[in-house]
Amino acid sequence: MTAGTLRLAELVEALGGELVGDGATPLQGLASLTSAGPDHIAFVTGAKHAAAMRACRAGALIVPPSLASEAAQQSALIVTTDPYLYYARLSQWWLARQRAQEPATRHPTAYVHPEAQLGEGVHLGAFAVIESGARVGAGSFIGAHTVIGAQAKVGDRCRLAAHVTVGERCELGARCIVHSGSVIGSDGFGFAPEQGRWVKIEQLGRVLIGDDVEIGANCTIDRGALDDTVIEEGVKLDNLVHIAHNVFVGAHTVMAGCAAVAGSTRIGKHCTLAGDAKVIGHLTLADGVHISACSVVTKSILKPGMYTGIFPLDEHSSWEKNAVTLRQLFKLRERVRALERPPEKT
Amino acid sequence: MTAGTLRLAELVEALGGELVGDGATPLQGLASLTSAGPDHIAFVTGAKHAAAMRACRAGALIVPPSLASEAAQQSALIVTTDPYLYYARLSQWWLARQRAQEPATRHPTAYVHPEAQLGEGVHLGAFAVIESGARVGAGSFIGAHTVIGAQAKVGDRCRLAAHVTVGERCELGARCIVHSGSVIGSDGFGFAPEQGRWVKIEQLGRVLIGDDVEIGANCTIDRGALDDTVIEEGVKLDNLVHIAHNVFVGAHTVMAGCAAVAGSTRIGKHCTLAGDAKVIGHLTLADGVHISACSVVTKSILKPGMYTGIFPLDEHSSWEKNAVTLRQLFKLRERVRALERPPEKT
Amino acid sequence: MTAGTLRLAELVEALGGELVGDGATPLQGLASLTSAGPDHIAFVTGAKHAAAMRACRAGALIVPPSLASEAAQQSALIVTTDPYLYYARLSQWWLARQRAQEPATRHPTAYVHPEAQLGEGVHLGAFAVIESGARVGAGSFIGAHTVIGAQAKVGDRCRLAAHVTVGERCELGARCIVHSGSVIGSDGFGFAPEQGRWVKIEQLGRVLIGDDVEIGANCTIDRGALDDTVIEEGVKLDNLVHIAHNVFVGAHTVMAGCAAVAGSTRIGKHCTLAGDAKVIGHLTLADGVHISACSVVTKSILKPGMYTGIFPLDEHSSWEKNAVTLRQLFKLRERVRALERPPEKT
């Protein structure tokens, strides 16, 4: 990222931390320890990156107090108790500065229904569509080709990338981010069987999304059948995440790429689904439950903690032998049980 | 859902069932047992929801005969042998009434190639694209930004949401539903190896989809290499489902979210792939095969039934010990075998 | 595929191989052995398809030398040492002939920012968007509704289908193919925790994609946090593949449908991830590593070879018994160990 030159002292003024060394150090951008040059600022979270820090050519470093005296010998510093958090805030601050230079505009090709309502300073990309009765809050960014359906509501200062679909009547809170290709408000998957055929159950509920939710690219979040699908504030979803109808996701829960939650399941607050973790339908997960990558939850989990179920990877030939044995595992147990039986007295 | 007030008797007139109580009961919409108010109708499938039914404030209930006498004490009723199916039909009927109030229009920004053919009453959303030679059947709804490729065919009374892509020459039958972001007719994944590089095999087949098929959001259905990928009538696919080239999916088969079928596999009729179930390539699944969630099919299945292969979830520390042991399972069996050997006579 | 009639000799002239029989044989297209008719050419890779070959009605066959004398009795031939590779090249050649008849055009509804640069012969579909500072190389095809973000770069002779999103500053090499719905350059998934909330880390890196890369439908490739996400030349990704931020994918590696690679992982050259294979973050896979379908990689793999970790599918009732036992596997091993202990002398 390059966005004009800043002085190190400007960062400290905006974001705090202790300045050590030359506040006039000129900076062009943030960079990683390995790729930073003299006009970059990089960050070090702790002693395990000390060697990389020594090799780093950054003009300025964000460091914890424990590394300050050593780091001061090689560059100017911002000293802070949580360099990673500082880096997060700095990345936001710097990008916001850049974006401030791009004034919000309504692209002439965007289509806004006469009965839609746009707040002040809404940006509309090329071919964006705001349908009848939809409302977009002040300062929100609606990317090219993004569609906000009839009666849908997008809060203030949201950022929807290109090619997002928000279905009719669905609602997003303030400061939400949605990446390209995500679909909010597709129909839940509901059918009644009738003599070998499937009769569609129209999905009449909505998707309700709280403040500060981020949704990755190509996710799908289905509307509820009768009641609503609910995603509480602060939830973060990575790419290709699937949330089925009538799911409830508690505040500040995180789901990594390809995670999925089946219908009517209730996920607590502050949970983690690692990548590709799956939760089947009609379950309850307590607050603070963490599911490992690629693990499958088939029963409710009422106790916080970390849960895993991954078949261990092995060389194919070893796996094959173990897998064959696994299919006989129950019998193997029976055989062990037989061996354990005391020999009958004769 | 709110769509003007109806009288309970109107529902019975349209959809059948036995009316018990006041046919003039005014109804604003359908609701679940827990959220229904006096102007809603809710449904009860059986005795296990009787307690929720008693607590329900709905103005009218759809109940099976076994609950009719009890339910009649609290509200007006529609009595029917299959309340779930009745609810499905009612949801359709009610939504159709609403939609009838929105006349089909061709949005002025939609692009229709001069050589495309549109049936009567086709709705085109903003920026929809109908390419050369494409045909869209009477009464079909083409959402905003949806693209119907050259020579493609969409049957009568289909409903394609926003941001759908139908590739050139692909065909959908009548009354199909496709949700946002789905891609029908992307290239199958085919390459010939040549000295460590991959030479693309152009995918020259089509995707052929029967009547009454529903496809969820962000699905991908690849065109065949030479022959066609085929999805028979009545198939229902949930979100993020992947169907590879030359797959055949038999009529009325259902696949839940994130299911995937690799190339040239043949799935029978009336099968179920639960969420995230995967079937590898070049297999055959008989009619009536049901695969559990997150299970992987690596061999053909010629016998109907339910099949499962999920690593059981456990607390992480327990999983770790079991997983390590699993990698030695074959050896463990050898050890049991050794123990079973009768002691050599000495 | 039908594209006007060609003579068999024209194919041989263009693509080599030995012509046997009547070079004037008229051909309308390629077809599979089972569906080919007298005006089609089909291919046979080896003896295991000899029976199908005998039943085939194709007017011409592509065969290996070992089948030439037998095949010559039923049709005209192209004899070549690698019929599959020949078929790949033929499919390309034939489609290229067809496409040559469709001149590149800039659809009047496409939006090109005044500061974007388009090479010669660029095709722009309906409602395509080329943002400020973006460059599209000569002869590239940009499908309907595809968005090329600000400062992004698409090389020469690329083919981007409809509804593709290329994020700002991302770069694709020459001759890349991207299928519909794919998102290149969505934000990586990065947050710093702060008192139970997640603070976004802006993703400031890019996605850099080499020459001859193919990306399937509805894939997501995240931009790097500070450094770039890199996909080297010749990589082929199938549909619904997820590549997280700062991943490196070595040249000519292939990933089948639904594969995913978590953040900062480095995949070697000439690797294969079969369908739904997953690799967790911060790992290294050597060149020539092959991961079986639906297997999960949780540790770095430094030795080439084939690796697998799939729970074997079974009838549900058998699976249930084995799964229960699996959760006690560690204890079972302890029991076997106890049995192995020599009886204490008394």
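Pairs of Lys residues in chain A, spaced 8 or more positions apart or belonging to different chains, with C-alpha separations under 20 angstrom: 9 in total.
222 nm [θ] for chain A, helices only, -39500 (n - 2.57) per DSSP H run of 4+, per residue, to 500?
Result for chain A, helices only: -5500 deg cm²/dmol.
Separation of segment A:272-346 and segment A:133-172, taken as the distance between their Cα centroids, equals 43 angstrom. For the pair segment C:1-37 / segment A:34-70, the C-alpha centres are spaced 64 Å from each other. Average 1/r across all pairs of distinct alpha carbons in chain B, invert it, and you get the Kirkwood radius: 23.7 Å.
The Cα trace of segment B:85-148 gives Rg and Dmax of 13.9, 44 Å, the first to one decimal, the second as a whole number. With the biggest extent put first, the Cα atoms of segment A:246-302 measure 20, 20, 19 Å across the principal axes. Sum up the charges of everything whose Cβ sits under 14 Å from the Cβ of B:Val63, counting Lys and Arg as +1 and Asp and Glu as -1, but leave B:Val63 out. With Lys, Arg at +1 and Asp, Glu at -1, the net is -1. Largest GNM mean-square fluctuation among B:Lys278, B:Lys321, B:Lys153, using chain B with Cα springs under 10 Å: B:Lys321.
Taking all protein chains as they are arranged and a probe of 1.4 Å, the heavy atoms of B:Ser180 leave approximately 10 Å² accessible to solvent.
Accessible area of B:His40 (1.4 Å probe, protein heavy atoms only, ligands and nucleic acids ignored): about 40 Å². Can you give the percent of C-alpha pairs in segment C:256-346 whose distance is more than 15 Å? When all Cα pairs of segment C:256-346 are counted, 69 percent exceed 15 Å.
Ratio to report: Rg/Rh of the protein assembly as shown, with Cα atoms as the point set and Rh obtained by the Kirkwood method; give two decimals.
Working: Rg = 30.1 Å, Rh = 30.5 Å.
For the protein assembly as shown, the value is 0.99.
Only Cα pairs under 8 Å and 6+ residues apart enter the sum, and on that basis the relative contact order of segment C:6-100 stands at 26 percent. Beta bridges per DSSP, both residues in chain B: antiparallel share near 10 percent. Note on segment A:281-327: Rg/Rh from Cα positions, Kirkwood definition for Rh, rounded to two decimals, is 1.14. At R0 = 35 Å, how high is the FRET efficiency between A:Leu339 and A:Ser300 if r is their beta carbon distance? Nearest 0.05 is fine. According to the calculation, E is roughly 0.45.
Please compute the Kirkwood hydrodynamic radius over segment B:111-307, one decimal place, Å, based on all pairs of different Cα atoms. One over the average 1/r among Cα pairs gives 16.7 Å for segment B:111-307. At the residue level, A:Ser66 shows approximately 100 square angstrom of accessible surface with a 1.4 angstrom probe and all protein chains present.
When all alpha carbon pairs of segment A:31-93 are counted in 5 Å bins from zero, the resulting P(r) reads 4, 22, 34, 28, 10, 1 %. With all projection directions averaged, the alpha carbon convex hull of segment B:1-128 covers 9.6 nm². When peptides B:166-178, C:220-232, B:236-248, B:196-208 are sorted by average Cβ neighbour count within 10 Å, with the highest value leading, the order is B:236-248, C:220-232, B:166-178, B:196-208.
With a 1.4 Å probe, how much accessible area is buried between chains A and B, both sides summed, in Å² to the nearest hundred?
5800
Would you mind getting me the FRET efficiency between A:Thr34 and B:Leu15? Use the beta-carbon distance for r and R0 = 56 Å, nearest 0.05. Each step should come with its number before you reach the end.
Details: r = 67 Å, r/R0 = 1.20.
For A:Thr34 and B:Leu15, the calculated efficiency is 0.25.
Shielding by partners for peptide B:84-90, expressed as the average number of C-beta atoms from other protein chains within 10 Å of each residue's C-beta, is 6.
The values are calculated or read from the model by the stated rules, or taken from the named source; none is laboratory data. A quick note: this is a predicted structure, and the numbers were derived from the prediction, not measured. No Cβ is skipped: glycine too gets one built from the backbone with ideal geometry, and neighbour counts run over all protein chains shown. These accessible areas exclude ligands, DNA and RNA; they are computed on the full protein's heavy atoms, side chains included. Shrake-Rupley method; radii C 1.70, N 1.55, O 1.52, S 1.80 Å.
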